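Comments concern the structure below.
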Amino acid sequence: MTASVELRGVTMDFGTYRAVDNVDVKIEPGEFFSFLGPSGCGKTTILRMVSGFIEPTKGDVLIGDQNMKGIGPNKRPTAMIFQNLALFPLMTVWENIAFGLEMRGVDKPTRRKRAEELLELVELPGVADRFASQLSGGQRQRVAIARALAVEPKVMLLDEPLSALDLKLRQHMRAELRAIQKRTNVTFIYITHDQGEALAMSDRVAVMSRGEIQQIDVPQNIYNTPANGFVASFVGENNKFVGQLTSSKKYKTDVGEFAVTLGQGVTAQSKTRLYVRPEHVTFTAKPKAGTNAIAAHVEDVSFEGNFASIHMRDKTGRRLTAELRNDPTNPPPAVGSATNVTFDAEKALVLLDSDATAYAEKE
Amino acid sequence: MAALIRRYGTGLTGIIIALTTFWLIVLVILPYFDLFESSFRPYLPAADVGGPKDVYSLSNYITIFQNPAEFNIGLFGFTFPISVAIHMWVFVLTILFSVLTTLTSLVLCYPLAYYMAKVIDPKRLSTFLLLLVVPMWVSELLRAFAWFILLAFKGPLTIVLQNLGIITDPIHWTWGLGGFSGVIVTLVYVYILFMLFPIYNSMTSLDTNQLEAAQDLGAKSWQTHWRVVVPHCKPGIASGCVTVFMLAVGSLLVPTLLSSPSSRWFTEVIYSRMFDENDWNGGAAYAFILLFVCTIFVSLTMRLFKVGLADIAK
Ligand SMILES: Nc1ncnc2c1ncn2[C@@H]1O[C@H](COP(=O)(O)OP(=O)(O)O)[C@@H](O)[C@H]1O
Ligand SMILES: [Mg+2]
């Protein structure tokens, strides 16, 4: 059981405040789709419009090609996993899981049996008669998933479900959620402000800022070819340079002119910035003429095991960061030394500045 | 105790404990005990008190079962007479109509509390609360009097209803068995906040996500209330019910103003034994009957609905 979800020109106003602005997206049946964005950008609002708790001010929500206008949350083929899980504290685990079936008038033995099956599915057998308060965070998480699956939804809506868990468990639950999604083939709409989560789990990601979608793409493209400065800054680290396009492939900054690659919609007139990822930076003692190079002074090297982070400053005092894969034959430069950082033109992206970029930096 | 001494020193702690003990024993326990003791002794002329006739017995209590009288009960269109002791009858009706008062308040307060806790815009809540509380700053006597006037025979309420064409003949709101309507309406009005606030409090502690989760899982509105809201608010509901029931049963002012000789409240019987007949022993006995029966009734009801005393105190 699975269905597509489509948002057509969806806008949501709270009074004069526009929380979601003209969002268009089509999510395929059985897809694991994430909305990624900073807190307050309207992710939860989108989820609440899909589940039916609020109606969009403008636009339409379609589930499986059926327009959901005027259909209440208890009639939609969706199930939501709340940020705080919202398990019922006065019911046992199995009563929680069977709640949806109880509401549909299923008899008690069948409900109990189904609850046990679902506990198996989420790999949590033997806790049916306990209360949610007696379970650990990860176990509660699984109960919430089982409770949502019990109503056999076509679409699962997950609102930052892992944010309350500790790091180790979060990593583990990522894989778990992904596996459950593949097993059940239900469409998952996942909300998070954690880029790692979104990239690791999703088939496609929509990056949002201030109610607007910035980019919808597969995780690799979101990271490697961000649509604009906001996406680049929000997803992953960057060395950033303000400057001006001088020719179609040259970008002039206060530390030199570089050969670059242009991002979406960049023209000589647009306000832009140059972005270089730390892992795309290399070191050269004597760079050849014509390569992109910046003289830098190494301030700090932190060794993280599989890689090292090198923090530097250029002559203007700007902080630069490089990430070097651990390789004993090619050690990072020494702290205090002077060096040149170099980067390829293909890895130097000139991206559009938007209001959104300024916003991401404030965050 | 040790903590108290550490905090306030031996002297101050001693004074605090002495005062508390004095208050508890002299002002609370002793008067009750005196009343309780005297309820088992006969009512005698001053000269005979302490004499050979002053012996302990249950006779003050037994009078409640004496003096039977005929009453007509109408049920499903039939009227049949029953013969019950007068005071017993008043007692039973008092309990019955106090229960009705409690249920009426509950039915009125549950939706109101839900509206205040979960629906209304929080910005407007304080105005709303003020509107509810301000009338309670007027004394109970005046509030009861207001209803006394409204419900008077051929009074404002009757006139309004007649003009709206809802009734033709004037109704005796405070007369006969139907005369309990005046008492109930006024008791509900006077004590309603004691029902509203415990329920409202328990509802504010209910996570709104729980309501949405229930709805999301397919619950209709009534199912959400029955399976999620009511269980969560049970302690508040119980607390409100116990308070209103006890206040209603024990109210003297309201029935004095709004009942008639044929719709008497048990407290009026106690009052008249104590002050009209000067029989304090008999009055005390009746007061204790009321106290005991109500306590047992409340405990049984709480047991029935599986609420503990500790839940209510929360
Ligand atoms: N019911 C509401 N009334 C008014 N403003 C709201 C309401 N719900 C959300 N907002 C506002 O809309 C914006 C987006 O909220 P939300 O969708 O919860 O963001 P996110 O989930 O991305 O953190 C926020 O600024 C929030 O304050
Ligand atoms: Mg949110």
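The values are calculated or read from the model by the stated rules, or taken from the named source; none is laboratory data. On a predicted model such as this, the values are computed, not experimentally measured, just so you know. All Cβ positions, glycine included, derive from the backbone under ideal geometry; neighbour counts span all protein chains shown. Note: accessible area is taken over every heavy atom of the protein model, side chains too, but ligands, DNA and RNA are not part of it. Shrake-Rupley method; radii C 1.70, N 1.55, O 1.52, S 1.80 Å.
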Next item on the list: Looking for whichever is in contact (Cβ under 8 Å) with a residue 60 or more places away in the chain and either of a type in the set (Phe, Trp, Tyr) or within 16 Å of ligand 2 (Cβ to nearest atom) (or both) here; the options are A:Arg277, A:Arg210. Which one fits?
Entry: A:Arg210
Notebook entry, point to check: For segment A:50-59, how many residues are open to solvent by 40 Å² or more (accessible area, probe 1.4 Å) and either within 10 Å of ligand 1 (Cβ to nearest atom) or part of a loop (DSSP other than H, G, I, E, B) (or both)?
Noted result: 2
Margin query: Based on this model, can you work out whether A:Leu320 counts as touching a helix residue (DSSP H, G or I) at 6+ places or on another chain (Cβ under 8 Å) and modelled with pLDDT of 90 or more?
Written below: no
Next item on the list: Would you check if A:Gln215 is away from ligand 2 (no atom under 16 Å from the Cβ), closer than 24 Å to A:Pro29 by Cα and among the polar types (S, T, N, Q)?
Entry: yes
Check: What is the residue count in segment A:60-88 for residues that are away from every other protein chain (no Cβ under 14 Å) and open to solvent by 20 Å² or more (accessible area, probe 1.4 Å)?
Finding: 7
Next item on the list: Find all pairs meeting these conditions: Cβ atoms under 6 angstrom apart; at least six residues apart or on different chains; first residue within segment A:282-311 and in contact (Cβ under 8 Å) with a residue 60 or more places away in the chain; second residue surrounded by 11 or more Cβ atoms within 10 Å (Cβ to Cβ).
Entry: A:Thr282/A:Thr342
Notebook entry, point to check: Within segment A:119-142, is there a residue that is at the interface with chain B (Cβ under 9 Å from one of its Cβ atoms) and not in a helix (DSSP H, G or I)?
Noted result: no
Notebook entry, point to check: Of the residues A:Lys271, A:Lys240, A:Lys249, which is charged (D, E, K, R) and farther than 30 Å from A:Met208 by Cβ?
Noted result: A:Lys249
Item checked: Looking only at segment A:96-113, and only at residues there that are more than 8 Å from every other protein chain (Cβ to nearest Cβ) and buried (at least 20 other Cβ atoms within 10 Å of the Cβ), the one that is farthest from B:Glu212 (Cα to Cα) -> A:Arg111
Margin query: Which of the numbered conditions does B:Asp216 fail, given that it passes all the others? Conditions: (1) open to solvent by 10 Å² or more (accessible area, probe 1.4 Å); (2) touching a Pro at 6+ places or on another chain (Cβ under 7 Å); (3) among the acidic types (Asp, Glu).
Written below: (1)
Check: Looking at (1) open to solvent by less than 50 Å² (accessible area, probe 1.4 Å); (2) touching a residue at least 60 places away in the same chain (Cβ under 8 Å), which is the one condition that is false for B:Trp89?
Finding: (2)
Next item on the list: Please list, ordered by first then second residue, the pairs with beta carbon atoms under 7 Å, 6 or more apart or interchain, first in segment B:107-133 and closer than 24 Å to B:Ile184 by Cα, second small (Gly, Ala, Ser) and surrounded by 14 or more Cβ atoms within 10 Å (Cβ to Cβ).
Entry: B:Cys109/B:Gly240
Checklist line | Residue among B:Thr224, B:Thr208 that is touching a residue at least 40 places away in the same chain (Cβ under 8 Å), within 14 Å of chain A (Cβ to nearest Cβ), of a type in the set (Ser, Thr, Tyr) and closer than 27 Å to A:Ala79 by Cα | finding: B:Thr208
Item checked: In segment B:238-263, the residues that are buried (at least 20 other Cβ atoms within 10 Å of the Cβ), farther than 20 Å from B:Ser202 by Cα and over 10 Å from the mean Cα position of the chain (by Cα) -> B:Val254, B:Pro255, B:Leu258, B:Ser259, B:Ser263
Item checked: Set B:Val249, B:Val242, B:Val307: member being in contact with a Cys (Cβ under 6 Å, 6 or more places away or on another chain) and touching a residue at least 60 places away in the same chain (Cβ under 8 Å) -> B:Val249
Notebook entry, point to check: How many residues are within 19 Å of A:Val155 (Cβ to Cβ) and in contact with an Asp or Glu (Cβ under 6 Å, 6 or more places away or on another chain) if we restrict to segment A:83-107?
Noted result: 1
Notebook entry, point to check: Would segment A:19-31 turn up any residue that is within 14 Å of chain B (Cβ to nearest Cβ) and aliphatic (A, V, I, L, M)?
Noted result: no
Check: So which residues in segment A:1-24 are open to solvent by 10 Å² or more (accessible area, probe 1.4 Å) and under 18 Å from the mean Cα position of the chain (by Cα)?
Finding: A:Asp24
Check: Within segment A:46-59, can you find the residues that are more than 14 Å from every other protein chain (Cβ to nearest Cβ) and within 13 Å of ligand 2 (Cβ to nearest atom)?
Finding: A:Ile46
Note to self: Residues that are in the same structural domain as A:Ala19 (by TED's automatic domain parsing), in a helix (DSSP H, G or I) and open to solvent by less than 20 Å² (accessible area, probe 1.4 Å): does segment A:154-172 have at least one?
What the structure shows: no
Notebook entry, point to check: Within segment A:25-36, is there a residue that is within 11 Å of ligand 2 (Cβ to nearest atom), modelled with pLDDT of 95 or more and of a type outside the set (Ser, Thr, Tyr)?
Noted result: yes
